[in-house]
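The values are calculated or read from the model by the stated rules, or taken from the named source; none is laboratory data. In this text the structure is predicted, and so the values were computed from the model without any measurement. Neighbour counts run over all protein chains shown; Cβ positions are idealised from the backbone, glycine included. These area figures cover heavy atoms from the full protein model, side chains too; ligands, DNA and RNA do not enter into them. Shrake-Rupley method; radii C 1.70, N 1.55, O 1.52, S 1.80 Å.
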Amino acid sequence: MTPFATSAGHCTAPSPTHARRCSLAGIALVLAGGLSGCIDAPAPTAPGAEPAASGQLACDDLRGARLTPGAVVTDADIAPATGTYPESCVVHVSFQHSTLRVEARLPTQGWNRKMVFLGGGGFDGRFPDAAQPYFSPSVLSERYATVSTNGGYDYPGMDPAYFDAAFARDHDTLVDFTHASEHRAVPVADALLAKYFGTSPERSYFEGCSMGGHDALIQAQRYPEDFDGIVARGPAGNIMGLMLQFHRIATAARRPDLDFGSAQTTLLARAVLAHCDGLDGLEDGVVSNLAACRFDASTLRCPPGVDENCLSDEHLAFVDTVITPIQTVDGRWTHPGFPLTGGEDSSKGWAEYILPQAMLGGSTLQALFSDGFLRSFISGDAALDTTSWRHEEWLPRLAEVGAMFNADNADLSGFHARGGKLILHNGTLDTSVSMHDSIRYYEAVVAELGEERAKETIELYLAPGVGHCFGGVGPDRVDLLAALSVWVEQGIAPSSQGLVHRTPAAAGESLSRPACAYPAYPRYTGSGDPRDAANFDCAVPDGTTD
Ligand SMILES: [Ca+2]
């Protein structure tokens, strides 16, 4: 296994106050081959609330403060403006008898009087970096006060310790990681902001991707009073089903005779595109009308005596493992499988989570995460042979952990009653969090609340050709926090705001598409620049075509 820290790409760029950060989304970042600068420089337009005392003094004054019983500020220092970060008072808080820690970044000037809580990623252990592309650029440009946690424990260091997830063998830490850390941090954040700014925030939001998207759903489902609005990107809410599907696919991918690589993903992607690319009115390498795409991979089966430019029975069985649903024998834990999208051969396609990587010692991300999950969350046995693990023997423990961890409760009536708003966002190419899972959750909420109340509470955006949290063959950037704040503060739903997905500003050639609320997809109108969102509309699938 390659040590994490010796693989330069595994950690994201240094942030103003933290040397290196790793996260599930951060790992994905590296596999995508790097990150382009894409976020506008801070441009405060209106005077915000200033701290009760002047910058350095007010920040110094926080040190040692007891914010809530057992929660103490351990350090508070001014961090100068760097990159897209505004100058801020950066504060860390520790809890008595706990490894949970909180970080807050409080702008010294131009605070917009609002707070956004940032979700983590992967197995956490670190504070998230607001400058990453899976957070909305307005977090920094609009000068929110940001708050985050380490997920309940501090990052253990190099791989494989990170993927071992040893923290989960401690019950209190497991409780924090699975659902409690943010809720425990909220009163601390309230006290901290009141002390520094002399006033409470006018609005509190939450944004996160991947495990941070899971955390976002936890807030909406369990703690509806904590946040006015929530953005859940690539949300791993169905984390139990996701881990079981990861384990199933990883077990199949380990077979030494499988030999499934770029030749097979290329073949698969080209065949899907040939079949479905034009269903959205434009052959652009992105299948936007996936609802109408009916592609049967068995059409690629090798004829007798042929073994090139076709898929063997073993290859087809592997494809089947990736795309088909699963459920446990008691029916409690399920996963809908991953879609075929035509982007299988992209660096954000199967190469990212499904297939073995040299930089992971020949393992896969799905294997590393599901092995750690089975060893530390479920069995408590660090030496567990996961290849022979059978879920039938672990149903009580799966139920116990799932009760803490799974964020699949569709009853958002509490969140609706307090006027809460939730935006879900999922790339169709995502091989960590299946778009089918986000569609399923969205539809479950609509069924639970009814269409009228659901419309007031939740919208889902699928990003065609976009991989896990960001990147891929489709345009991926959209400021969902800005859209959420308009929804909460002005009552205008994101679907009425004309949202647009764009490629990063630094990516060279710009590409934009309307961001369409599910079930609509961006459809080319048939004329005009096909790289400009203005020449697309949001069309609702009118059935399927073959
Ligand atoms: Ca297309």
Where the Cα pairs of the range 133-254 fall when distances are cut into 10 Å bins, in %: 11, 36, 35, 14, 3, 1
Accessible surface, the chain, averaged per residue in Å² (probe 1.4 Å): 37 Å²
In Å², nearest 10: area of R531 left accessible to a 1.4 Å probe: 80 Å²
Residues of the range 374-412 with amide N under 17 Å of the 7 Å Cα→Cβ point at Q327: 391-392, 395, 399, 408-410
Accessible surface of the range 87-151 [probe 1.4 Å, protein heavy atoms]: carbon and sulfur percent: 42 percent
With DNA, RNA and ligands ignored, accessible area of S527 (1.4 Å probe; Å², nearest 10): 70 Å²
Whichever aspartates and glutamates have a C-alpha closer than 13 Å to that of K455, once near sequence neighbours (fewer than 8 apart) are set aside: E443
Computed FRET value (nearest 0.05) for E308 with S510, which takes r as the C-beta separation and R₀ as 22 Å: 0.05
Heavy-atom accessible area ranking, 1.4 Å probe, most first, across H179, H436: H436, H179
Global form of the range 355-466, assessed from the alpha-carbon gyration tensor, a/c cut-off 1.5: oblate
Positive dipole terminus of the chain, leading residue within T108, V319, M240 (C-beta point charges): T108
Dipole of the chain, positive end: most advanced residue of S485, A189, G528 [Cβ charges, Cα centre]: A189
Eligible lysines near K195 by straight Cα distance, threshold 17 Å, same-chain separation 8 or greater: K114
Fraction of accessible area attributable to carbon and sulfur, the range 334-478 (%, probe 1.4 Å): 50 percent
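Keeping every protein chain in place, order V488, V188 by accessible area at 1.4 Å, biggest value first, i.e. largest first.
Listed by decreasing accessible area, they come as V488, V188.
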Tail fraction, Cα-Cα pairs, the chain, threshold 33 Å, whole percent: 39 percent
Length gained when the stretch H171-D77 is fully extended (0.36 nm per residue, less Cα-Cα span): 30.6 nm
Surface/4 of the Cα convex hull for the range 450-546, nm²: 7.9 nm²
Assigned charges on the beta-carbon of Lys, Arg, Asp, Glu; the chain dipole about Cα centre (debye): 920 debye
Estimated FRET transfer efficiency (A417, H97; beta-carbon r; R0 30 Å; 0.05): 0.30
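Could you calculate the FRET efficiency of R390 with E443 from 1/(1 + (r/R0)^6), where r is the beta carbon distance between them and R0 is 22 Å, rounded to 0.05?
Taking R0 as 22 Å, the efficiency between R390 and E443 is 0.10.
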Accessible surface of the range 480-532, 1.4 Å probe, proportion on carbon and sulfur as whole %: 46 percent
Cβ-based charge dipole, the chain, positive-most Cα from G125, L374, L62: L62
Equivalent-ellipsoid semi-axes of the range 198-275, from the Cα gyration tensor, Å, largest first: 40, 17, 10
